[in-house]
2 protein chains.
Amino acid sequence: MIKKITYGAPFDTEAVTGAYESWQGELPYFSQEEGRKFSYRMAEEDIVFGLGENVRGINKRGWIYESKCSDDPNHREDKRSLYGAHNFLIVDGKECFGVFFDYPGKLTFDIGYTDRNVMLIEAQTGDIDVYVIEGEGPEDIAKQFRGLVGRSYIPPKWAFGYGQSRWSYMNEDEIREVVKKHREAGIPLDSIYLDIDYMVRYKDFTVNEETFPDLAGFAEEMKEQGIHLVPIIDAGVKIEEGYDIYEEGMAGGYFCKEEDGSEFVAGVWPGRVHFPDMLNADARKWFGGKYKVLLDQGIEGFWNDMNEPAIFYSEKHLQEVFEQLEEFRGINLDNEASASLNRLVGGLSNNEEDYKLFYHEHKDGRVRHDKVHNLFGYNMTRAAGEAFEELEPDKRILMFSRSSYIGMHRYGGIWTGDNLSWWSHILLNLHMMPSLNMCGFLYTGADLGGFGSNTTEELLMRWLELGIFTPLMRNHSAWGTRRQEVYRFTQTGSFRKIIALRYCLLPYLYSEYMKAALRDEMMFRPLSFVYAGDRFARRVEDQLMVGESIMIAPVYEQNAKGRYVYLPERMKLVRFRGPEDRKEEVLEKGHHYVDIALDEVVFFIRPDHLVPMSKGGSCVEKVDFDHLGLLGFVEKEGSYELYDDDGYSRDYESPSHYTQITVDAEGRISSGGEGSRKEFYLI
Amino acid sequence: MIKKITYGAPFDTEAVTGAYESWQGELPYFSQEEGRKFSYRMAEEDIVFGLGENVRGINKRGWIYESKCSDDPNHREDKRSLYGAHNFLIVDGKECFGVFFDYPGKLTFDIGYTDRNVMLIEAQTGDIDVYVIEGEGPEDIAKQFRGLVGRSYIPPKWAFGYGQSRWSYMNEDEIREVVKKHREAGIPLDSIYLDIDYMVRYKDFTVNEETFPDLAGFAEEMKEQGIHLVPIIDAGVKIEEGYDIYEEGMAGGYFCKEEDGSEFVAGVWPGRVHFPDMLNADARKWFGGKYKVLLDQGIEGFWNDMNEPAIFYSEKHLQEVFEQLEEFRGINLDNEASASLNRLVGGLSNNEEDYKLFYHEHKDGRVRHDKVHNLFGYNMTRAAGEAFEELEPDKRILMFSRSSYIGMHRYGGIWTGDNLSWWSHILLNLHMMPSLNMCGFLYTGADLGGFGSNTTEELLMRWLELGIFTPLMRNHSAWGTRRQEVYRFTQTGSFRKIIALRYCLLPYLYSEYMKAALRDEMMFRPLSFVYAGDRFARRVEDQLMVGESIMIAPVYEQNAKGRYVYLPERMKLVRFRGPEDRKEEVLEKGHHYVDIALDEVVFFIRPDHLVPMSKGGSCVEKVDFDHLGLLGFVEKEGSYELYDDDGYSRDYESPSHYTQITVDAEGRISSGGEGSRKEFYLI
């Protein structure tokens, strides 16, 4: 049951698919002022889920958050915003409901920060659509919400393989070497990411011919080794006479303009850039069409970056700063003057005032950027997604973005941005998974091993032990940090076994992903969504349900040799040291301390559930999805509904993709359904 | 058994008290190169304890640390240095030994960072004294080391009370209000800290007469209410004609000089300053004598700050930066140019090159600052400590410092610097306690509630539940952050009860502190120091032994309602909601999940151990230390050795300070010893 309550004249974010009529009654649960302040009194036991990509726990209580897409790589626990704006919450406790604040500008969520017991949501203006959702519990509410905002993006199957990235692999030979090292060490790999240095001076849709003299040929060479090249695309277009994208954008009037009609000048990687007006349908169509430049060279996947949009400086502000700097020359820089100087220079990047300097030409009229700030990355990715549907109607293209708003989940996934090689960011990765899933973002994952700062062998290994479960499984790191390709460490064999296990789990993970996407469900769920009556399950912030059969409880503490795990029911613990070395143990409901050595992957299977597993492969296309081992915890009868398809075409709905599998207590397997050509065996 | 191995010609840090002859044999355990690279191959089970004030766990394995005293308030887990340099380690595993690298310059500890199994310690030069300590186990080794470096600082008893701080309480009335609010709400309080704004333009040993027109009178007024004022002292002396400290320093030649003999100019709070040459005995004597200015106004405690020394900029470098800034004006600031600009401006503060610009006149000759960098804060505090011994021979003066080196522990405590209102910093606080204790720093604690960033009511309350056990118990927060005096939140009653409990625990905490100081022992110990044969105790990173009777296991997770606790033996759980509301439960050895509500303090008492408790009081001098309740877990016979004294004089050694208490299984109390005038009762 969904009620839409409209205040003022909301901007059409297109987050919600189709028209949804406003309800004329009063807003339930909340008291509101001016259609822009919404407050709810929380009971002591209430949990607040949601907010997608953000800091802190699965339970968002106890902090204040802002929906304001920001390029901030310092994911400290006191940050209020990361790269996305995901304004959906579920309150679960005394009352249970979901609420979506469809609002494209800055929105503050004070969830027990100012007053422990009060949730206060505050918008900049009273123009907002509020959707209140009631249902049978949080899982049902999330599903209803997902139905409201439309089906989640589905990537090609190869995008569930392991990807290796670096800012940046500088040339073809460096990539050949990275691929060779993985292949030689027997480490499965499906993709290599091209960060900003593959371009000429950071110019979108160009390729540096000195370092990548024949991208099409190189892409083909890589594909023969089972590797996809995935280039980055940035939001800003370099201002440079003779650069075709710049000139076309100027000619077409596709760039964001200042109040006086001149193109807004920001500084990003290339220095001075213009931003394509992603909220203008014509500009979007033009920009989206440009991806063809790379598609034509055999590229099948992209990541959209810097699309909050990140602004290192605006040309206007930069000039002011240089003028003001003069005032500091030669004076006694005491506390106050030092602080002013730091504010002046530190305030150059991602300055809120800069976002007030430019405008969008939207179908509903001209709008100043800051009022619709959170829609920029969404619409950049939409530009690509809509173009792919035209350019490649029968083929899935990998697409994920840094910045996002709900609605974008239909066009691409996200990675969780520029995290750090911190132990606490393993847990943050875990916390974000269900929060993002409920907001529609299924294809997602963190930069495994950490993007900023220097990783360690132990951190990377523990992080991969979580990462093998996330749909996007990518190892990525920043310029100037320690190299973190897994073959660079001492325990290469352990890394190989952990990543190999990912490929064994692919039939299960892909099936669970597809069912979640096609049914508007969550692939990663908090324990309490599944075990609604279990009071202790409500407390658990470091375990997750992954799909219908598995619970995970990764280690995220340095030097740990195990961890505490809560079992909400009797489960089978499965312990892997690589695909061939498996130990099993049935544990009773309750609290356990579980030893988990550094090179072990441990997960838990629910009673009468199955996990279909392959024998693995060096890349996704080498994985045999037709002969599957069944790992299960069968007490009476285990059953599983398997989804599979060719992984490339867009024909998702065919019943032939489903196979029903059952295993009885004597270990007899039966399978049926239109996809029943597959063969199964017990393992 | 201690072996001193000398390489080259080490600088005399005076960390070790007395002369200690070098051993002529080979360095055990380590292989070394050039007397400056020391490597040790770690076994999988080895734990490495030590490094005092630093990031990460009690077990320091898995990261790389630098001894390089730094003013960095961003205590991220990827930092390598904080404010102190504490070069003592204990390896406990296949082999067990302690090692102290007595070296005043930058020292790197790669403890399994580059290679998981290798510890590599690297100095800048091959002039170093290495002390290797062998003993019966880590506790014995720590005790031997402490004997080597001399007795830890002992503060006055009132310094074990609760302190309230803020950068800054700006005037007398603001402080009166803070005290009044505490007193009205019945929240015990013993001290108010004066941060930098009590001075005139941040000039040491001045008092702003507009805001504090009569400090002596005000200090007296506060003392009548049981409150001590504790002013901050900074390392840099403002360059200002007519300012007596500046002029005396110039006249005496007491400031650090550049190579050409001119005084080095750095920028800190006052703008341009000179640094007193803390390594020059004459300058130290002069600077220490200045504390008399404030002692004479009734001040009995100080905190020394910015004594790494922090440098916002050097005048020389600042001018260069302003010149180089010109090169950026008007150019296209692309990736590389932006990065250069950020490095240029960001590199102004705490720049390693600046530390090479000035010199010390040490008894053994002139030495460039960077070579002895880690001794500056130590010697600033020594200046004060030595002065206090002369100025106030019969009275303890509170003194703690931000920067430190081992040796400084004889002259003052430390606080753990400018932490943040992060949940992870509660755990960091816990991790530092035993690490600091083994290095000699007993009087220590963190800024409760967090210094930087904004606290929350829940964070502050959970942190106080740990803070009531730390000798220094101070609530402190930074300019521009949320106010965090406890009366500003909704649950004032809960805060009152938690802080009141601290005062009830004072007889135990003070006794344990004094015994640890007088016997070179640790007050806070990792579980494995006490339960040497317990393999699981070695894993525990979030519980501590506090003194001889208590184990603590604080909550450090947002929204948690309890936590897992490991009991290395059968213990009594004691649960307090304030002094009057106590519940007890005996728990068996092993793993437990313990409910701990937000307003509850839970700790554990070892079998046949006692905890003497007072009835509390509004400040330390109101606490009755002579009529004590005994909280115990008596199975056969509980015993406790109580230390107590007047808390002000320096006569620590008298046997009259000790009382032996026993309680038998029937609850009969007996007490003896020269301090046996005290009366005890069971609670």
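Here the relative contact order of chain A, from alpha carbon pairs under 8 Å that lie six or more residues apart, stands at 13 percent.
Counting only helical runs of four or more DSSP H residues, what would the 222 nm mean residue ellipticity of the protein assembly as shown come to if each run contributes -39,500 (n - 2.57) and the total is spread over all its residues?
-7000 deg cm²/dmol
Counting only aspartates and glutamates at least 8 places from A:K157 when in the same chain, those with an alpha carbon closer than 15 Å to its own are A:D190, A:E300, A:D394, A:E512, A:E621, A:D624, A:D626, A:D644, A:D645, A:D646, A:D651. Selection among B:Y531, B:Y564, B:G672 by position relative to the dipole of chain B gives B:Y564 as farthest towards the positive end (Cβ unit charges, Cα centre). One compactness figure for the protein assembly as shown is 0.94, namely its Cα radius of gyration divided by 2.2 N^0.38 Å. Ordered by the number of other Cβ atoms lying within 10 Å of each residue's own Cβ, fewest first, A:T206, B:T470 fall into the sequence A:T206, B:T470. Placing unit charges on the Cβ atoms of the charged side chains and taking the dipole of the stretch A:2-149 about its Cα centre, the candidate lying farthest along the positive direction among A:L120, A:G93, A:I5 is A:L120. Basic side chains Lys and Arg get +1 at the Cβ, acidic Asp and Glu get -1 at the Cβ, and with that the dipole of chain B about its Cα centre reaches some 1720 debye.
Label-to-label distances for A:Y29 across copies, nearest first, come out at 5.8 nm, using points 7 Å from Cα in the beta-carbon direction.
Counting only Cα atoms, the size of chain B along its three principal axes is 80, 63, 54 Å, in decreasing order. Here the Karplus relation 6.51 cos²θ - 1.76 cosθ + 1.60, evaluated at θ = phi - 60°, turns the backbone of the stretch A:307-315 into coupling constants of 9, 6, x, 5, 10, 5, 6, 9, 4 Hz, with x for every Gly and Pro. The number of Lys pairs in the stretch A:525-683 with C-alpha atoms less than 27 Å apart, excluding pairs fewer than 8 positions apart on the same chain, is 17.
Quick check on the exposure proxy: order B:W463, A:W422 from fewest to most C-beta atoms within 10 angstrom. Working shown, then result.
Numbers: B:W463 27, A:W422 21.
In order of increasing Cβ crowding within 10 Å: A:W422, B:W463.
Please work out the Cα center distance from the stretch B:130-190 to the stretch B:64-111, rounded to the nearest Å. Centre-to-centre (Cα) distance: 22 Å. Run down the lysines and flag those whose C-alpha is under 19 Å from the C-alpha of B:K4, throwing out any fewer than 8 positions away in its chain. Excluding near neighbours in sequence, the set is B:K37, B:K143. Roughly what % of Cα-Cα distances in the stretch A:2-149 sit above 20 Å, to the whole percent? For the stretch A:2-149, the share of Cα pairs beyond 20 Å comes to 45 percent. Relative contact order, whole percent, for the stretch A:2-149 stands at 31, derived from Cα pairs under 8 Å and 6 or more residues apart.
Taking 7 Å steps out from each Cα toward its Cβ at A:T492 and A:E326 produces label points 6.0 nm apart.
Simple point charges give the picture: +1 on the Cβ of Lys and Arg, -1 on the Cβ of Asp and Glu, and for the protein assembly as shown a dipole about the Cα centre of about 3060 debye. Counting from the shortest, the label point at A:K94, 7 Å from Cα toward Cβ, is 6.0 nm from the same position in each remaining copy. Derived scalar couplings between HN and Hα for the stretch B:210-224 equal 6, 9, 10, x, 9, 4, 4, x, 5, 4, 5, 4, 5, 4, 4 Hz in order, rounded to whole Hz, by the Karplus curve 6.51 cos²θ - 1.76 cosθ + 1.60 (θ = phi - 60°), x for Gly and Pro.
Ordered by the count of other Cβ atoms within 10 Å of each Cβ, fewest first, A:V200, B:V265 give A:V200, B:V265.
In this simple spin-label approximation, B:E259 and A:A665 carry label points 7 Å from Cα along the Cα→Cβ vector, and these lie 8.7 nm apart. By the rule of a C-alpha distance below 23 Å, with chain neighbours fewer than 8 residues away ignored, the lysines paired with B:K285 are B:K203, B:K238, B:K257, B:K363, B:K371, B:K395. Residues whose amide H comes within less than 5 Å of that of A:W63, counting only those at least five positions distant or on another chain, are A:I111, A:Y113 (H built at 1.01 Å from N in the peptide plane). Label-point distances for A:S656 to the equivalent site in the other copies, using a point 7 angstrom along Cα→C-beta, read 9.9 nm when ranked shortest first. Its relative contact order, with pairs defined as Cα atoms under 8 Å and 6+ residues apart, puts the stretch B:484-566 at 18 percent.
Every number in this text was worked out from the coordinates using simple rules, so none of it is lab data. None of the values given here were measured: they were computed from a predicted structure. Please note: Cβ atoms are built from the backbone with ideal geometry, for glycine as well, and neighbour counts cover all protein chains shown.
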